[in-house]
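The values are calculated or read from the model by the stated rules, or taken from the named source; none is laboratory data. Worth saying up front: this structure is predicted, and the values here are computed from it rather than measured. As a convention, Cβ positions derive from the backbone with ideal geometry for all residues, glycine included, and neighbour counts pool all protein chains shown. Remember, those area values only see protein heavy atoms, side chains included, never the ligands or the DNA or RNA. Shrake-Rupley method; radii C 1.70, N 1.55, O 1.52, S 1.80 Å.
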Amino acid sequence: MRDASRAGIRAPRAVTPQALRLSPLRLSPLRLSALLLLALLLLVIVRLPWAGDLGIHAATIERLRADLLSPGDPLVDADTPSPYYSPWTLLLGCLAKVTGLGTFVVLRVAALVGLGLLVTGVRHFVRTFSTRPGAVPLALLALLLLWGPGLFNWSGFLGLNSLALTVSYPSTFALGLSFHFWALVRKSLRGGGWLVFLGLGALWSVILLCHQFTGVVATFGALAMVLGARPWPSRPVLLRLTGGVAFGLSVLAAWPYYSFFGLLGVGGLEEIHRSLYRGLLPHFGLALLGVAALVLRWRRDHRDPLVLFFALGAAMFAAGGLTGHYSWGRVLPAALIPAQLAAVLEVFEAGRAGVRRVGAGLLGAALLLGAWTQAGTLGYVVPRGVLPGPVAAKYKAPWSGYDWLAPQVRHGDVVMAKTFPSRQIPAYGPYTVAPGYPDFFLPDQEARADAVRAYFAPATPRTERLGILRRYGVRWIVQYPGDGGLRPGDPALRVAGAGPKGQVLYEVVG
């Protein structure tokens, strides 16, 4: 008990026979609510709604399935590295290649693993702060629901609706590993050996390689666990910790699929992330309850790990807004996660019973509001017509996909399409002329984007359009009515298929 106290980890409280008789009745609603949300997410995985970045992750698996050693760019026909080739996607590519499973089946497997890591990681981390039976299910509820009265979806953010759309992404896998990582760091500071800290360094590097933004969150969390450790780690432990960091850096430097440190100099992400700084109260306002809980924790302990974790994340988020580095806003989970967990822990651990009761009431009300905000998630597993009108109004239908191309367009063919179709088409094996997402290591990214704009521009001469098609080896064209490009009936085109919303697939025959 004494060693646990010195490490800043609460020792289990004695459980009386009376508590054993009362706790199942008191805590079963928490467990039931958490289980219902997890069941909903499992049903979402079966549906695997398509939105956001699902296409690029599917395309990455497709390229690795074809060539594990030199997959090339995942979106366009170019031999360039890509940060999407991480240890996790490499493993998924191996699974696809060895088993022959379809890409979207592999993504469902990734979603199951990511969700499992996330749930077990939250349990692992929360139990280093509290062994109360209700702490873990309530923490899961807070992480999923304690956001804001306005819906917010982004990769690496754990809101229920956001997670439903991103559960198969590497960010979910990386965040699940991060919770385990923070728990292991806390435990290892009591005197872990060299192998333990080398393993932690390797785990840290895997998180950074799999999702760089989540890797920053993981780094801040681990730093907070070290700075908040009580007693302060001994010199041998700090030496081993330094060795673990050095080993992690060497793994990052040695990763063969892309230059991790080369990402430090890339730009072009600021405008995309500007929206992270808009609507802060509607998107994250309910988490202010957690900020109040952090103030209580800070008054008790100025080096509380959750307080330090929040301070690091909030400081970088604020610095990004002040300096125009809006991509730094992706560190916001480093402020939200400790706030959400603090709100939960104060319900169980606050000193005064009155404070605990007030906190429990406010948290319960906030969770109900958060659940109502994200009720549209039900639409991913229940037909919209079955949902009550107010809930159906909150549901946003996912994208329809481009599986209708698959019978004719082969793996490796090049397709001319505008940005939105280009975010999905590579998921089925073809390439597009320009990437649908920013591509940091593609040297002619702007030239490709200019070529697509020129092809569809109304004033571009026919000869120039044909030259663009030849330059990039285009075999197929996907376009909506009114997109522009070569006119229907042009001798260089043959109508090969039709898709949703009037889309037409043309084969280039000239």
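Scan segment 481-510 for residues that are open to solvent by less than 80 Å² (accessible area, probe 1.4 Å), in a loop (DSSP other than H, G, I, E, B) and either free of Cβ contacts under 8 Å to residues at least 24 places away in the same chain or more than 17 Å from residue 458 (Cβ to Cβ) (or both) and the total you get is 5. Suppose we keep only residues that are closer than 15 Å to residue 210 by Cα and outside any helix (DSSP H, G or I) within segment 227-276. Which one would you say is most open to solvent (accessible area, probe 1.4 Å)? Looking at residues that are closer than 15 Å to residue 210 by Cα and outside any helix (DSSP H, G or I), I get 256. Picking from residues in segment 407-432 that are closer than 18 Å to residue 51 by Cα and of a type in the set (S, T, N, Q), the one that is surrounded by the fewest Cβ atoms within 10 Å (Cβ to Cβ) is 419.
Among residues of segment 365-406 being in contact (Cβ under 8 Å) with a residue 24 or more places away in the chain and over 27 Å from the mean Cα position of the chain (by Cα), the one that is surrounded by the most Cβ atoms within 10 Å (Cβ to Cβ) is 405. Here 133, 137, 49 are screened, and the one residue that is within 28 Å of residue 340 (Cβ to Cβ) and surrounded by 24 or more Cβ atoms within 10 Å (Cβ to Cβ) is 137. Scanning segment 2-46 for residues that are modelled with pLDDT of 50 or more, β-branched (Val, Ile, Thr) and surrounded by fewer than 12 Cβ atoms within 10 Å (Cβ to Cβ) yields a total of 1.
Selection of helices (runs of 4 or more DSSP H) fully inside segment 121-226 by the criterion of at least 1 residues being under 27 Å from residue 253 (Cα atoms), among the aliphatic types (A, V, I, L, M) and out of contact with any strand residue (DSSP E or B) (no Cβ under 9 Å at 6 or more places or on another chain) returns 170-188, 194-210. Selection of segment 457-479 for residues being crowded, with 16+ Cβ neighbours inside 10 Å and either part of a loop (DSSP other than H, G, I, E, B) or among the acidic types (Asp, Glu) (or both) yields 460, 472. Tell me, please, whether a residue that is in contact (Cβ under 8 Å) with a residue 24 or more places away in the chain and in a helix (DSSP H, G or I) can be found in segment 66-77. Yes: one or more hits. Annotation note: of 355, 291, 344, the sole residue that is under 18 Å from residue 130 (Cα atoms), open to solvent by 10 Å² or more (accessible area, probe 1.4 Å), assigned to a helix (DSSP H, G or I) and touching a residue at least 24 places away in the same chain (Cβ under 8 Å) is 355. With the structure loaded, tell me whether residue 333 is farther than 30 Å from residue 216 by Cβ and either more than 21 Å from the chain's Cα centre (by Cα) or open to solvent by less than 40 Å² (accessible area, probe 1.4 Å) (or both) or whether it fails that test. No; evaluated as a whole, the condition is false for this residue. Residue 438 fulfils the conditions (1) under 18 Å from residue 72 (Cα atoms); (2) open to solvent by 30 Å² or more (accessible area, probe 1.4 Å); (3) modelled with pLDDT of 90 or more except for a single criterion, (3).
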